[in-house]
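Student: What follows is a structure written as structure tokens; I'll ask about it next.
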Amino acid sequence: MFESIEAQALKESASAPLRSEFLQREFERLKTFSLLIYVVSIFMWLLFDLIVSFMGGQGFTWRSMVFLGVFGVLTLVLGFTRKAAHFDVLTVLLVLGLTVGVRMIVDGLPPAVHSSWLMLAAASLLYSVSVLPLRRWAFFAVQVVIWLVLNPFLGTSTEPGELRGVLTACYSVFLCALTLYAFLKFREARFSNYIMSRLLLDQAYNDPLTQIPNRRAFMTHAQQRLQAIPREYDHFLMMIDIDNFKKVNDTYGHDIGDEVLKRVAADIKTVMAEFDYARLGGEEFAIYLPAVRREDAAGLATELCRLVREQPAEHPVTISIGITRVEDGDTLNQALIRADSALYESKHTGKDRYTFHS
Ligand SMILES: Nc1nc2c(ncn2[C@@H]2O[C@H](COP(=O)(O)OP(=O)(O)OP(=O)(O)O)[C@@H](O)[C@H]2O)c(=O)[nH]1
């Protein structure tokens, strides 16, 4: 049961924009790790070059310095890279540089060992790159570059028909398939986790009926705003309640009541777009207004009452609003209690109005 719900949720949510968002988040999360992979790969390349240069008697030439310079620049660029798409290009370039570098070093070794070292380099690079947060095209491009430049049959004494050649070919295919499969599988698993945690957060912090934030989201956000001290401007808290809502339910039924709730939530969203708003429960809503003047709060309340009242709807309603200034040292609950008592005042002086707590 759970598995089929999960599969359905994944199917419905796995859109292209969400995939790009996931890749961007993955890149941001794994950027330091990616830098580490870059540095370790370059270090391994340098170690190989130094061993072959000094123990192998080839000498450490200016070419090695050029390669090191290019790798250093690419690593530095990664440090400043913010977009996942740029990281893909950077990685393909680094792999191209590393493979060409390896090929040049290997060419200086005795021909009998060429293909073994090329295979070893290809395996190390493929494993390292398969753990990076790359897009599919970039990983495929890396595979192509590696098998083109480090091809163990190209420019070596290994023949495809010989025993060594057959073994090399089998291992190449195995390596290619294994890294490709691991890359795609892990990527898919991480994507599923991402979607599931997003859905979970969405349900925990959003009201399913009105699709606006719920009480939990409001308490979290408003608490953060309330704690921002010193305050440059005043903060206000509004509580909103639909007038005679029980009558709407009793007369037209709960479905119409739900439609009214959605409509009022949409009006709140329109007028209060730049503030933290939420459905607290039932037909009650709250809004936290940081850095506004008293007249701004009054203007917004007037505008919201008007919009709800004049909404061309089959079942028109009005709302009442209670407003309080958030004092220094207030807890959120204290401010909510004062806004609620101002709301009570609005209800008892005729409804369809706002009242400031005095
Ligand atoms: N349709 C619907 N009704 C709800 C929901 N949550 C709470 N209610 C109803 O909201 C109504 C709240 O009514 P009351 O609190 O008595 O207030 P009222 O009729 O709005 O009267 P005043 O507040 O004095 O204007 C009750 O009938 C609840 O059943 C919901 O999610 N959907």
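The values are calculated or read from the model by the stated rules, or taken from the named source; none is laboratory data. These numbers come from a predicted model, not from an experiment. As a convention, Cβ positions derive from the backbone with ideal geometry for all residues, glycine included, and neighbour counts pool all protein chains shown. For the accessible areas, the whole protein counts, side chains as well, though only heavy atoms, and no ligand, DNA or RNA atoms are used. Shrake-Rupley method; radii C 1.70, N 1.55, O 1.52, S 1.80 Å.
Student: For the stretch 188-203, which positions are open to solvent by less than 70 Å² (accessible area, probe 1.4 Å) and in contact with a helix residue (DSSP H, G or I) (Cβ under 8 Å, 6 or more places away or on another chain)?
Tutor: Within the stretch 188-203, Phe191, Ser192, Tyr194, Ile195, Met196, Leu199 meet the criteria.
Student: Which of the residues that make up the stretch 48-73 are open to solvent by less than 20 Å² (accessible area, probe 1.4 Å) and among the aliphatic types (A, V, I, L, M)?
Tutor: Val52
Student: Just one of Met272, Met239 is in contact with a Leu (Cβ under 6 Å, 6 or more places away or on another chain) and assigned by TED's automatic domain parsing to the domain that holds Tyr344; which is it?
Tutor: Met239
Student: Please identify the pairs in which a residue from the stretch 242-265 that is assigned by TED's automatic domain parsing to the domain that holds Val317 and in a helix (DSSP H, G or I) has its Cβ atom under 8 Å from the Cβ atom of a residue that is open to solvent by 60 Å² or more (accessible area, probe 1.4 Å) and within 6 Å of the ligand (Cβ to nearest atom), counting only partners at least 6 apart or on another chain.
Tutor: If the second residue must be open to solvent by 60 Å² or more (accessible area, probe 1.4 Å) and within 6 Å of the ligand (Cβ to nearest atom), no pairs are left.
Student: If Leu98 passes every condition in (1) part of a helix (DSSP H, G or I); (2) open to solvent by 30 Å² or more (accessible area, probe 1.4 Å); (3) touching a Leu at 6+ places or on another chain (Cβ under 7 Å) but one, which one does it miss?
Tutor: (2)
Student: Still on this model: Take the conditions hydroxyl-bearing (Ser, Thr, Tyr) and open to solvent by 50 Å² or more (accessible area, probe 1.4 Å) and apply them to Thr302. Does it pass?
Tutor: Taking the combined requirement at face value, the residue satisfies it.
Student: Then there is this: Before we move on, is Arg293 within 20 Å of Leu226 (Cα to Cα), more than 16 Å from the ligand (Cβ to nearest atom) and surrounded by fewer than 21 Cβ atoms within 10 Å (Cβ to Cβ)?
Tutor: Yes, satisfied.
Student: Looking at (1) open to solvent by less than 70 Å² (accessible area, probe 1.4 Å); (2) more than 9 Å from the ligand (Cβ to nearest atom); (3) not assigned by TED's automatic domain parsing to the domain that holds Val271, which one does Ala228 not meet, given that it meets all the others?
Tutor: (3)
Student: State which residue pairs qualify: first residue without any contact (Cβ under 8 Å) to a residue 24 or more places away in the chain and inside the stretch 296-307, second residue buried (at least 16 other Cβ atoms within 10 Å of the Cβ) in any location, beta carbons under 9 Å apart, and separation of 6 or more residues or different chains.
Tutor: So the pair list comes out as Asp296/Phe236; Asp296/Leu289.
Student: Quickly run through the stretch 323-354 and pick out the residues that are within 16 Å of the ligand (Cβ to nearest atom) and open to solvent by less than 30 Å² (accessible area, probe 1.4 Å).
Tutor: Ala339, Ala342, Leu343, Ser346
Student: For the stretch 234-256, give me the residue count where each residue is near the ligand (Cβ under 9 Å from one of its atoms) and under 30 Å from Gln223 (Cα atoms).
Tutor: Residues flagged as near the ligand (Cβ under 9 Å from one of its atoms) and under 30 Å from Gln223 (Cα atoms) within the stretch 234-256 amount to 4.
Student: Then there is this: Kindly check whether there is at least one residue in the stretch 211-218 that is away from the ligand (no atom under 16 Å from the Cβ) and open to solvent by less than 80 Å² (accessible area, probe 1.4 Å).
Tutor: yes
Student: Still on this structure, please answer the following. So which pairs qualify, if the first residue must be in the stretch 63-92 and touching a residue at least 12 places away in the same chain (Cβ under 8 Å), the second must be assigned to a helix (DSSP H, G or I) and exposed (fewer than 12 other Cβ atoms within 10 Å of the Cβ), the Cβ gap must be under 8 Å, and the two must be at least 6 apart or on different chains?
Tutor: Asp88/Trp137
Student: Sort out which residues of the stretch 257-266 are more than 29 Å from the chain's Cα centre (by Cα) and more than 8 Å from the ligand (Cβ to nearest atom), and write them in order of number.
Tutor: Glu259, Arg263, Val264
Student: Just name the residue that is farthest from Gln58 (Cα to Cα) out of those in the stretch 29-47 that are within 19 Å of the chain's Cα centre (by Cα) and loosely packed, with under 14 Cβ neighbours inside 10 Å.
Tutor: Checked the stretch 29-47; the qualifying residue farthest from Gln58 (Cα to Cα) is Arg29.
Student: Further question on the same structure: Output the number of the condition that Thr318 fails; it satisfies all remaining conditions of (1) at pLDDT below 95; (2) within 14 Å of the ligand (Cβ to nearest atom).
Tutor: (1)
Student: Right, here's the next one. So which residues in the stretch 135-167 are in a helix (DSSP H, G or I) and over 41 Å from the mean Cα position of the chain (by Cα)?
Tutor: Leu163, Arg164, Gly165, Val166, Leu167, listed by residue number.
Student: With respect to Thr179, determine if the residue is closer than 30 Å to Glu274 by Cα and buried (at least 17 other Cβ atoms within 10 Å of the Cβ).
Tutor: No, not satisfied.
Student: Within the stretch 268-289, which residues are away from the ligand (no atom under 15 Å from the Cβ) and surrounded by fewer than 22 Cβ atoms within 10 Å (Cβ to Cβ)?
Tutor: Selection gives Lys269, Thr270, Val271, Met272, Ala273, Glu274, Phe275, Asp276.
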